[in-house]
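Every number here is computed from the coordinates shown, using simple stated rules; none is lab data. Source: prediction; values computed, not measured. Glycine gets a Cβ as well: all are built from the backbone with ideal geometry, and neighbour counts include every protein chain shown.
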Protein chains: 2
Amino acid sequence: MKLTILFGGASFEHEISIVSAITLKEKLSGFDLSFIFCDQDHSFYLIDPLKMKAVTFSKGEHKKMPELSISKGGFLQKSMFSSTLHKATVVNLIHGADGEDGTMAALLDFFSIAYIGPRVDASVFSYDKRYTKYLCEAIGVRCVNYEVLSANEHKNIKTPYPIIIKPARLGSSIGVSIVKDESELDYALDTAFEFDSALIVEPFLEGVKEYNLAGYMANGEVHFSIVEEPQKNEFLDFEKKYMDFSRSSQVLEADISDDLKQRLQNTFEKIYKNLFEGALIRCDFFVVNDEVYLNEINPIPGSMANYLFADFTSSVEELAHSLPRPKRAQVSYEYIHSISQAKGK
Amino acid sequence: MKLTILFGGASFEHEISIVSAITLKEKLSGFDLSFIFCDQDHSFYLIDPLKMKAVTFSKGEHKKMPELSISKGGFLQKSMFSSTLHKATVVNLIHGADGEDGTMAALLDFFSIAYIGPRVDASVFSYDKRYTKYLCEAIGVRCVNYEVLSANEHKNIKTPYPIIIKPARLGSSIGVSIVKDESELDYALDTAFEFDSALIVEPFLEGVKEYNLAGYMANGEVHFSIVEEPQKNEFLDFEKKYMDFSRSSQVLEADISDDLKQRLQNTFEKIYKNLFEGALIRCDFFVVNDEVYLNEINPIPGSMANYLFADFTSSVEELAHSLPRPKRAQVSYEYIHSISQAKGK
């Protein structure tokens, strides 16, 4: 089966996406793979698989490779006298802006290109942490209390210290700080506002358990990965996350009760259904006083959370065959015809 | 000032968009206007302004006009030996799918084309009536109670009759029914499910007052239209709405107290701010027992609700000069550089 890994993007997570794509080259070697890179100027390039190395991009060598344009049914490569349409199911592996904010989903849908990844709605609800909170409230999933801070309004923070401050629209811990008391506040706000004009403030919960669970819908049901208890530093900073995105060896299942596992899966399914179809997502949960809380949704997890699946290749293949088929409205010009007839043309 | 009216789309509201564009040709005649039509197959055409008539499209005559492709900074017209980039601020006038669901917003953002219209997030929250409810709950705006029905699950409706049944993702009253008792239910469900796999069920409120208010953000503040009390049939069906989209003469201001007007404006502002910047939207409100309820958000109202503005041309010009400027992340390859250095290249 043919698959195109689409990566890069004009995003703070651009480099993470490159690492993710390099990891998938190895993990998905059973597929007929091609690689399309979106650079920070929104140009697309067809990358020689042998050149799938981080330095290719940091040195700008991709610019010597064929440029593509997105087109109906695929990516078009033009030469002097002919053009080739590259058609394959796309794996949207652009983390952060462009990939997870709904942009790439809309482009791929508009140009009728099949893809693995969140659709536009799902992207909006997972990319902006405020909207993830709205979703939780609406569907009855617990999440940590929060306040929103905007760059253009002064507001006193009501949440007692320690608190965690996050840009509303970034993943991979970029711009995130734990603030233990007021003396650390200004620096944390400055850091976070560098990345976004809206911030989320949450209480920093000590002693919580964290569990990650990935999954996807195929053949009408949700298929779950194992549950992982991620390594616990205070939280993963950017450099640790960066390395984390290249993970490729399977991890051990968390030692939890069947009851808790079931509740994590039920919560995952509540979030996924009728919204995330077409995507393999990872939900990061907190467990506090034996209650499950959603921390965040990763609609395009690093290297597709391959390390959580026993048979990653089969999972991707199964998902690729269960993608949502968008129904496009047919236009009949019924009203215009009836009006022009009524007017006697 | 140059403006491009972008209209059509693969949408059940395709014909309405054509009527809307024809109306704006007249109402925005003070601008240097061009017209780009998106047909149901997602091809773009540059329409001769003299051919801006409904029959041009129903007869397929647009196919004889120059085809365009969306490209960085504008729409590209290619001929044998040269190409022209059509650059102008776009007015997104595609109603329903493609225009109001975030697709066109994502395309225009990705290709760095300035546009009047809702951004991706705002589109998602207004296009799907379920998500409008989520938004209301989150920001503290009253809305009518609702239930969701899905095509693939059987569920008993709890709301007492009479009820109103609406497809979750369509505007212009398409597929909407008022159901007075159970005998009318099956037909109403069949009709609505023809258009969408998810439906909203609400109590049909009798004796409510309805008020429409439009507005847009420019120079840091919200500018409001007059408040209109729309003509009250049971509700506007598709044919009446169709005619409604060609409205061009200014309407009379509703006879309401200053206090109510203020509360409608405050509610509008709560909905608009930090979400709808860049768009001229119309909010349709209900007033029940002197309380303001949001009924729906029209992020691209028919013919831009021109009939609610005293000086429509100036309003559009003001908005066109206050569009949000997307901040694109700069990529430095800092991590890849530091890793390759650590490795000694």
*State the extension gain, in nm to one decimal, for the chain segment bounded by A:LEU85 and A:GLU269, taking 0.36 nm per residue of separation less the distance between their alpha-carbons.*
62.5 nm
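To check you understand DSSP bridge types, tell me what percent of the beta bridges within the range A:2-117 (both residues inside) are antiparallel, rounded to 5. Kindly include the intermediate steps, with their values, before the conclusion.
Numbers: 14 of 27 bridges.
Just about 50 percent of them are antiparallel.
Order these peptides, B:111-121, B:48-58, A:255-265, by their mean beta-carbon neighbour count within 10 angstrom, highest first. Before the final figure, lay out the partial values.
Details: B:111-121: 22.1, B:48-58: 16.7, A:255-265: 13.3.
In descending order of packing, they fall as B:111-121, B:48-58, A:255-265.
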*When chain A is turned about an axis onto chain B, which of its residues keeps its C-beta closest to that axis, and how many Å is it?*
A:ALA106, 2
*With contacts defined as alpha carbon pairs under 8 Å and 6 or more residues apart, what's the relative contact order of the range B:147-203 in percent?*
48
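So in chain A, what percent of DSSP beta bridges are antiparallel if you round to the nearest 5? Each step should come with its number before you reach the end.
Numbers: 47 of 61 bridges.
The antiparallel fraction comes to roughly 75 percent.
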*Take the alpha-carbon centre of the range A:124-193, take the same for the range B:15-73, and report the distance between them in whole Å.*
44
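Please give the peptides B:274-282, A:181-189 ranked by average Cβ packing (other Cβ atoms within 10 Å per residue), highest first, as a rough proxy for protection.
Top to bottom by mean Cβ count within 10 Å: B:274-282, A:181-189.
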*With a sphere of radius 12 Å drawn around the Cβ of A:ASP311, what net charge do the other residues whose Cβ falls strictly inside it have (Lys, Arg +1; Asp, Glu -1)?*
-1
_Just want the ordering: A:THR267, B:THR103, B:THR191, from fewest to most Cβ atoms lying within 10 Å of their own Cβ._
B:THR191, A:THR267, B:THR103
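Within the set of other residues whose C-beta is less than 14 Å from the C-beta of B:HIS154, count the net charge using Lys and Arg as +1 and Asp and Glu as -1. All intermediate terms of the calculation are to be shown ahead of the outcome.
Details: positive: B:LYS155, B:LYS158; negative: B:GLU147, B:GLU153, B:ASP186.
The answer is -1.
What fraction of the DSSP beta bridges in the protein assembly as shown is antiparallel, stated in percent and rounded to the nearest 5?
On the way: 94 of 122 bridges.
The answer is about 75 percent antiparallel.
Determine the relative contact order of chain B: mean sequence separation of Cα pairs under 8 Å and six or more apart, normalised by residue count, in whole percent.
Numbers: 662 pairs, mean separation 60.0, N = 345.
About 17 percent, as a whole number.
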*Over the whole of B:2-15, what's the average partner chain Cβ count within 10 Å per residue? Rounded to a whole number, please.*
2
_Relative packing of A:60-72, A:323-335, B:29-41, A:88-100, which averages over residues the other C-beta atoms within 10 Å, highest first_ = A:88-100, B:29-41, A:60-72, A:323-335
*Give me the aspartates and glutamates in straight-line cross-link reach of B:LYS64: C-alpha distance below 20 Å, same-chain residues under 8 apart excluded.*
B:GLU15, B:ASP39, B:ASP41, B:ASP48
*For the pair A:ASP311 and B:GLN231, how long in nm is the line joining their label points, each one 7 Å along Cα→Cβ?*
6.4
*Work out the FRET efficiency for A:TYR161 and B:LYS2 from their Cβ-Cβ distance, taking R0 = 45 Å, and round it to the nearest 0.05.*
0.25
*Calculate the mean, over all residues of peptide A:117-127, of how many other protein chain Cβ atoms lie within 10 angstrom of the residue's Cβ.*
4
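For chain A, what is Rg from Cα atoms divided by 2.2 N^0.38 Å, rounded to two decimals? Kindly include the intermediate steps, with their values, before the conclusion.
Numbers: Rg = 21.8 Å, N = 345, 2.2 N^0.38 = 20.3 Å.
This ratio for chain A stands at 1.08.
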*asked:* On a 20 Å Cα-Cα criterion, which of the cross-link pairs A:LYS129/B:LYS327; A:LYS270/A:LYS327; A:LYS25/A:LYS53; B:LYS2/B:LYS72; B:LYS2/B:LYS25; B:LYS53/B:LYS78 come out too long?
replied: A:LYS270/A:LYS327; B:LYS53/B:LYS78
*Label-point separation in nm, B:LYS78 to A:VAL288, each point 7 Å along Cα→Cβ*: 5.6
*Length gained when the stretch A:ASP48-A:GLU153 is fully extended (0.36 nm per residue, less Cα-Cα span)*: 33.0 nm
_Other protein chain Cβ atoms within 10 Å, averaged over every residue that makes up A:94-106_ = 4
*In debye, nearest 20: dipole of chain A around its Cα centre with unit charges on the Cβ of K, R (+) and D, E (-)?*
1740
